[in-house]
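A quick write-up on the structure given underneath.
Here, each number is a calculation from the coordinates, and none is a lab measurement. Only a predicted model underlies this, so the values are computations on that prediction, with no experimental measurement involved. Every residue, glycine as well, gets a Cβ built from its backbone with ideal geometry; the counts of neighbours run over all protein chains shown.
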Ligand SMILES: *Cc1c(COP(=O)(O)O)cnc(C)c1O
């Protein structure tokens, strides 16, 4: 039996309708920006394997460091004990994060980094005796993860519908995309006036799952400023935007107003293993210091600060901070910018957006623009046929590559996007799409 068939007998994949999904592609190796399948087919990983990979697959530097760590100390509990990798990674992160970030709390992934941030914010006010501060504000189209707290502060959608009654109430405001800044600010003002807001959580500058929706730093500065004036905490979910994605090390580096709490994961280990981190300011940390043990932050995971994951984080950070990596990020951004200029105003293109190494092309289609649309499946298949892994969000196709991707490889990706535009322009497409029912695919 093939690996894919054996998989089908025992596994259950994320975001996958197992009845209708095609067989999974068995990947046996990765190198640079490429994934190599069992049958030798090579796929250019234009989405960094769900936004995690920074320096390329199976990077030898990370591999060597992780291997050494595995031979030295694979794990130790993190209450009452510490180890070099946890300390060095925390020091390294605080060195490059906004200056107000003073403490690092480790967890296991993006969703847990969010849970930690929310619990930190709630208990901060609890410890201060401000028990009435319970409201969280979030962007209407946000995505912060799949655990219950993270789902609660994320967009209400098909994905969260089965759990809707179990999610805590959140005040949603619009994303301040260009032209809508004043409306979003007015909505926030109304919420701040009517509720005791504990925290405002947001994806800074780029909302990933919403379709790489982008907005300007000044708009976020205004929102953070308002929250601060009302004594509410601000939580930047940099799980996707962190570690150079946006052209600077963190999206917060574009801001004048710094968030109180920052959530990190995805690129934290360069895309090699799961690790989350939540960082906070000194005042937040200090609100948990007390002779009274009930003020302790009672949160942890068995693998908190796992030495192997922390070492992967350190090795990735070392690569990220080399001049070569900075040059790669600038080069990818420049290639994107040239392609953006080519596409702008072309037939079949509704909008092209870019922030640093993230490019999003929104195709013009009359109907069926949701995640479940048929076009999404056609785009996905077209990419794979050309050996390019792209995972469209409905009619939005984004490119978010490992920074090591070469200019020639980027051209292969752009050629695929050009072919997608041809597909959209095909006279048959629009009418076919208009008549199609939406169906959940994955
Ligand atoms: C992916 C993502 C998360 C969730 O991270 P997981 O590691 O998948 O739990 C949270 N926030 C943002 C912005 C993300 O992109």
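Listing 31, 362, 203, 216 from fewest to most neighbouring C-beta atoms within 10 Å gives 31, 216, 362, 203.
For the pair residue 216 and residue 407, label points projected 7 Å from Cα toward Cβ lie 3.1 nm apart. Is the shape of segment 188-232 rounded, prolate or oblate, going by the alpha carbon gyration tensor and its root eigenvalues a ≥ b ≥ c, with a/c under 1.5 for rounded and a/b larger than b/c for prolate? Verdict is prolate for segment 188-232. With bins 20 Å wide beginning at 0, the percent of Cα pairs of the chain falling in each bin runs 24, 58, 17, 0. Please label the shape of segment 1-121 as rounded, prolate or oblate, based on the square roots a ≥ b ≥ c of the eigenvalues of the alpha-carbon gyration tensor (a/c under 1.5 means rounded; beyond that, a/b larger than b/c means prolate, else oblate). Note, shape of segment 1-121 comes out prolate. Working note: 222 nm ellipticity from helices only, DSSP H runs with n ≥ 4, each -39,500 (n - 2.57), summed and divided by the residues of the chain, gives -12000 deg cm²/dmol to the nearest 500.
With Cα atoms defining each centre, segment 340-412 and segment 10-41 are spaced 20 Å apart in the structure. Each of residue 321 and residue 100 was given a label point 7 Å from its Cα along the Cα-to-Cβ line. The distance between the two points is 2.3 nm. With the convex hull constructed from alpha-carbon coordinates only, segment 255-367 shows a mean projected area of 12.3 nm² over all directions. When a/c is below 1.5 the answer is rounded, else prolate if a/b is larger than b/c, else oblate, so apply that to segment 98-236 with a ≥ b ≥ c taken from the square roots of the Cα gyration tensor eigenvalues. Taking the square roots of the gyration eigenvalues as a ≥ b ≥ c, segment 98-236 is rounded.
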